[in-house]
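Student: Quick one: this structure, given as structure tokens, is what I'll be asking you about.
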Amino acid sequence: MDQAEQLRNIIKMKQIKPKTMARVITVTSGKGGVGKSNVSINLGIQLKKLGLRVIILDADFGLANVEVLFGTIPKFNLKDTIEGRMSLKEIITQGPLGVQFISGGAGVEGLTNLSKVQLGNLLRGLAELDTMADVILVDTGAGISDSVLEFVAAGSEVLLITTPEPASITDSYSLLKALHHYRGFRKENTQIKMVANKVSNSLEGRNLYSKLNLVTEKFMGLSLEYLGYVPLDEQLIRSVMKQSPVSITYPNAKSVKAFEQLAMELTGTQRSSHRRSLAEIFTHYIKGSRDK
């Protein structure tokens, strides 16, 4: 039995199908340095304040941005579950205000080489995770690598973080273009919501969205949604240096007010009718990587 057939058999296993399904939101960007992980963390905190159970999965394997920004060093990571040492529930780290997170850890990039047993460990754990949260934020790597594109293509709800810097706009467009041509991606099955980060005001945020959406609609027939903006904020920068989320360190900061608004907008939007569970997203990711 080859690996592809093993994967198909595991996918069919009833125990990887959750009874309830968390809302899985993939957070991504066309380049590094645009504040993607900061958005993930502070959005997660604000969603938690709204009464939702939130888990952040750091899928930027090996770089550990989430744990650095949380100022928390996890004892375990996804590799411990894959190798059968611990359940997925046991590797969850408690972050600030009850926001939980899972570290991808170094070495997890070898997901395409997992054995049947390891795949079973991972997918059963992910299915369990789907029942433990209302919202799961998947913080991907930055850029247009295959691993990032696989995660974004697999998800049904995506947040694209973009800044007014010309390089960020260009790279966001490049990411969307690569995604548009990526096998397995179906634009009708995916909601892509843009967040304008590090802007001067709401008008600049709206103009940034309009500029990017205009070209994606014209050349790809791909329409983006506008979730909102986060202003450039010195207090947020200082909070990063302190390795503490701005939502906790400076709760009255202007960026925090924006994260509160983003959380409310997000909870007020309808889920994608094509939503996938986290187990299904990882299945798509692993299968797509193996099919190369």
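Student: How high is the relative contact order of the range 93-215, in percent, counting Cα pairs under 8 Å that sit 6 or more residues apart?
Tutor: 21 percent
Student: Apply the Kirkwood formula to the range 141-258: the hydrodynamic radius equals the inverse of the mean of 1/r over all pairs of different alpha-carbon atoms; give it in Å with one decimal.
Tutor: Roughly 15.2 Å, rounded to one decimal.
Student: Excluding Leu69 itself, calculate the net charge of residues whose Cβ lies under 14 Å from the Cβ of Leu69, where each Lys or Arg counts +1 and each Asp or Glu counts -1.
Tutor: Local charge sum for Leu69: -1.
Student: Once phi is turned into θ = phi - 60°, what whole-Hz ³J(HN,Hα) does the Karplus curve with 6.51, -1.76 and 1.60 give for every residue of the range 135-148, x standing for Gly and Pro?
Tutor: 9, 10, 9, 9, 8, 7, x, 9, x, 10, 5, 4, 5, 5
Student: For a quick check: sort Ser210, Ser156 by the number of other beta carbons within 10 angstrom, fewest at the front.
Tutor: Ordered by Cβ neighbours within 10 Å, fewest first: Ser210, Ser156.
Student: Got a sec? How would Met241, Met264 order by Cβ neighbour count within 10 Å, fewest to most?
Tutor: With the fewest neighbours first, Met241, Met264 line up as Met241, Met264.
Student: OK, next. Take Asp139, Asp134 and order them by how many other Cβ atoms sit within 10 Å, fewest up front.
Tutor: Fewest to most other Cβ atoms nearby, the residues stand as Asp134, Asp139.
Values in this text are rule-based calculations from the coordinates and carry no lab data. Here the structure is a predicted model, which is why all the values come from computation and not from measurement. Neighbour counts run over all protein chains shown; Cβ positions are idealised from the backbone, glycine included.
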